[in-house]
1. Within segment A:106-113, is even one residue within 13 Å of chain C (Cβ to nearest Cβ), in a loop (DSSP other than H, G, I, E, B) and crowded, with 17+ Cβ neighbours inside 10 Å?
2. Every residue in segment A:247-290 that is small (Gly, Ala, Ser) and closer than 22 Å to residue B:193 by Cα, please.
3. How many residues does segment B:159-204 hold that are of a type in the set (A, V, I, L, M) and farther than 21 Å from residue A:254 by Cα?
4. Sort out which residues of segment A:283-334 are of a type in the set (Phe, Trp, Tyr) and either in contact with a strand residue (DSSP E or B) (Cβ under 9 Å, 6 or more places away or on another chain) or in a loop (DSSP other than H, G, I, E, B) (or both), and write them in order of number.
5. Only one of these is facing another protein chain (nearest Cβ under 9 Å), part of a loop (DSSP other than H, G, I, E, B) and of a type in the set (Asp, Glu): A:140, A:42. Name it.
6. Test residue A:213 against the stated conditions and say whether it is in contact (Cβ under 8 Å) with a residue 60 or more places away in the chain, over 23 Å from residue A:70 (Cβ atoms) and not basic (Lys, Arg).
7. Name every residue in segment C:207-234 that is under 34 Å from the mean Cα position of the chain (by Cα), part of a helix (DSSP H, G or I) and facing chain A (nearest Cβ under 9 Å), in order of residue number.
Amino acid sequence: MEHLLALQNLHVSYHTPRGTVQAVRGVDLTLDSGEVLAVVGESGCGKSALLKAIMRLLPENASVTGRIVVNGTDIAPYPEKQLQKLRGSLFSMVFQDPMTALNPSMTIGSQIAEAIVVHEPKISKEALRARVLELMELVEIDRPMERMKLYPHNFSGGMRQRAVMAIALAARAKILLADEPTTALDVTIQAQILDLLRNLQKKLHTATILVSHDLGVVARAADRVAVMYAGKIVEIGTAEEVYYDPRHPYTWALLRALPALATGGDALYTIPGMPPTLIDPPKGDAFACRNEYALAIDYEKEPPLLRVTDTHYAATWLLDPRAPRITPPIGVRRHGI
Amino acid sequence: MESEILLSAQNISHSFYLSKTASVRALDKLSFEIRRGEIYGLVGESGSGKSTAARCVMNLVKPQSGHIFYEGVDITDPKQFGANKRLLQTSRQMIFQDSTSSLNGRMKVADIIAEPMRIAHMAPKRGTYRKEAAFQMKYVGLDEIYLDKYPAELSGGQRQRVAIARALCMEPELLVADEPVASLDVSIQAQIVNLFRHLQDEHGFSFLFIAHDLSMVRYLCDRVGVLLRGKLVEEAPSEELFQNPQHPYTKALLSAMPLPDPIRERNRKLIPFDADTLCSQGVMREVSPGHFVRTEGGETA
Amino acid sequence: MKTKRIVWRAAKTAAIFLISVLVLSLLVFVVSRLAPGDPLVAFYGERAEKLKPAERAAAEARLGLDQPILRQYALWLKGALRGEFGISYKYKMDVLEVIRARLPFTLRLGGIGFLLTFFLALGLGVLCARHEDKGLDRALCKIGTVTSCIPEFWMSLMLILIFAVSLRVLPSSGAYDVGKADDLGSRITHLILPLTVVVLGHLWYYAYMVRNKMLEEMRMDYVLLAKSKGLGRKKILYRHCLRNVLPSYLSIMAISVPHVLGGTYIVESVFSYPGLGTLSYESARYKDYNLLMVLCILSGALVIACNLLAQALSERIDPRMRAQEAIDTWEADTDG
């Protein structure tokens, strides 16, 4: 079956005066219509660079190699002009801080309208207005008639994020890339936005990549979860597999750090050390020196993604049949429905 | 269970004026107490007044009415404040959310940490201010090699530790932390929260912990107050509040608390609430020992 | 409700303006009189030194110079309110007449200079921002740094040397050739050199500002969002970034009207251009009190008016600054 989006051996590097930062180091991913894939990792693991690489929104000092295959066509070699046509209509982006993502001096309505007009320049005034209202209703903004004339600063954080989502959906994008869309919001609003993401994806059959640093947050919306560390995917699987049967020590560590899973008076688990600098990544497994379950081979040879099930892979030598058996220190207990 | 009250806020109200005709009521007759050695959490959404409450406790905002007693001193009274200035300025310290902007980027870590001591003309116990800074850094788990670094060279978690070390060097009694982990990665959040726990358990610090992350509050706090539009709607010991929430707003908040459990999360319904109807008249009534809920009408408790 | 508010605000602005001008006039009056120098020199020229004490006292009494300063001011104010600003000691004419004769020249030089500066700076700033760190941007920035380091008087002299003395293509001084006051061509050729100095003297400062503001805006998140909508670079630049730069540019330019006009004063004196600049210089030098007062108040009023205009402009253009909106914000927010 052909995937809507497939990344093959994607690399992103930033060329800085201090050296070349390898932000993404060979990522393979697939994404199908109607699914939400969550990409989780600490800041600096390359998750945002991955999203921006797909849309080619990276700054000028960045370079991208690898294949970005959409419906069977590799768009990686596309020039800027062709990419412009795809932005908004094929994929669009939702940003972390809705405060700064909207132009402060344009009304919400005109910013949504602009996103429609780019791809439909001949649309009539009435049709445009109707579409703006439809989009605002789609993202559940009440009283759209009045609100389309307001400016971003008149809106609360949650409202602004809804407006950004309306813009993202304006040209019927098939892939939604959401970069920490709820981090700047209150818990109640966060849950609402996640629900909205999920509903939209059901209604419009869009595919979503949802980037977050918090495994607790994405559980509500994700169908599949990919855990990233130091520019690589270290574990990927369905949400059930990753939460209930995590295999990579880094996934264990992320879960153990969540206070929601802490038992009683124990101190929260913290990952020792710091993420490696990606200017000169270490030999072997990048996580080895912070990993209490590291094997000798981890310092020598980088583990490939090893199969757990057909949908579940983890990049750890612990999955090798020769490795010692380790009981995972954590794993969310599966609850009945 | 009676323990000594360290801080007691009584009926504090404060409004911000947007223009001559419009004002926002940030605090509306808010009362709460912090006991010696406890971590008291204030939770609520943005705009609920939780940060204003923290600023009132720190004398950064003067409430328009009501009183705040710290160690029996009314800090809202200029005379009493003046008479106890030294006590009040050293024994309460604040930690802000954004360590990037709360640390002066042009000062070295060692100077940042020791600055409050210099300002208060405190003689460094360990000989020099530098040694004092090094001691505090070790205390919060930062290596001494960072003494001569600038904040921009540190990670978010390290910067927040510097902010905590700066607060600790005054040997405070009460630490007021306004969303101290909100801008950090989950794994770093855990480190900071563990540090708070350690400071409370081993050294008896008291905390006012302002947060919107409920799982963090549940894990860390002894007692929790839920704020809605500047009023407490529910207050209880932490476990009691999370096991047995009474007020509809608390229930709505808890229903939105993210859990790392996909199946349960997908099937969990958000409890909607309408802040206007909830915005609760009525009085706080005790439903079980230490558990207060704001209930409509009836006789006063 | 709305009209009432506008009227009220206009009245308030007018009151602020009048009070500021009044205070300014008092300050100028007192300071000019405290400064050393003999106003009678302006009136009698060389003869002033030969006056006998009695004659001098009589002359001072006639000009009202024997009174205490505050009383002099009161008298002056009384006249000023009736529109009588006295006569110029030097020109022996009503000061308003003197100024009326010179004003058009300064307005021409300053006005055209200002407009040119305004549009050229905007254009150059945007151009540089569009080609950030590429050859064109770097070249323009270098040229700008060099030109803005040249003092105006020196630049004037060099231009005169090159174009008037060596090449003999442009006139070196005055506003028109003798006897050709009505000849448009003559007036234009006389304007070119002074105008060049006025514009070059200010252009780069503002162009840099536009460039940096544009670059600042181009780093904002909303540019990424606009890009992810599928907008092209040019459209993002003109529709989004420029839109956010313009309000602050307009208000800064409004404040700098007096700055640019003030720049003409030096240029005028180098080119002996018969504008208010040369007049101000003379009136201060010769203690021509009445003339000096009006000139100072005129420039002061211009500064104050421009500041008020700038404020009004930024409130008008930038939706975030509109006072009423604060209330809407709160209402919309609570619904969220």
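1. yes
2. If the condition is that a residue be small (Gly, Ala, Ser) and closer than 22 Å to residue B:193 by Cα, then A:253, A:257, A:260, A:262, A:264, A:265, A:267, A:273 are the ones that fit.
3. 12
4. Kept after step one, since they are of a type in the set (Phe, Trp, Tyr), are these residues of segment A:283-334: A:287, A:293, A:299, A:313, A:317.
A:287, A:293, A:313, A:317 - these are the residues of segment A:283-334 that are of a type in the set (Phe, Trp, Tyr) and either in contact with a strand residue (DSSP E or B) (Cβ under 9 Å, 6 or more places away or on another chain) or in a loop (DSSP other than H, G, I, E, B) (or both).
5. Result of the check over A:140, A:42: A:42.
6. When the stated conditions are applied, residue A:213 passes them.
7. Listed by number, the list is empty, since nothing qualifies.
Residues are listed down the side, and each one gets a yes or a no for (1) aliphatic (A, V, I, L, M); (2) closer than 16 Å to residue B:108 by Cα; (3) at pLDDT below 85; (4) out of contact with any helix residue (DSSP H, G or I) (no Cβ under 8 Å at 6 or more places or on another chain):
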position: B:158; (1), (2), (3), (4): no, yes, no, no
position: B:166; (1), (2), (3), (4): no, yes, no, no
position: B:174; (1), (2), (3), (4): yes, no, no, no
position: B:195; (1), (2), (3), (4): yes, no, no, no
position: B:212; (1), (2), (3), (4): no, no, yes, no
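The values are calculated or read from the model by the stated rules, or taken from the named source; none is laboratory data. Computed from a prediction, not measured in an experiment: that's the story for all the values here. Counting neighbours? That spans all protein chains shown, and the Cβs are built from the backbone with ideal geometry, glycine included.
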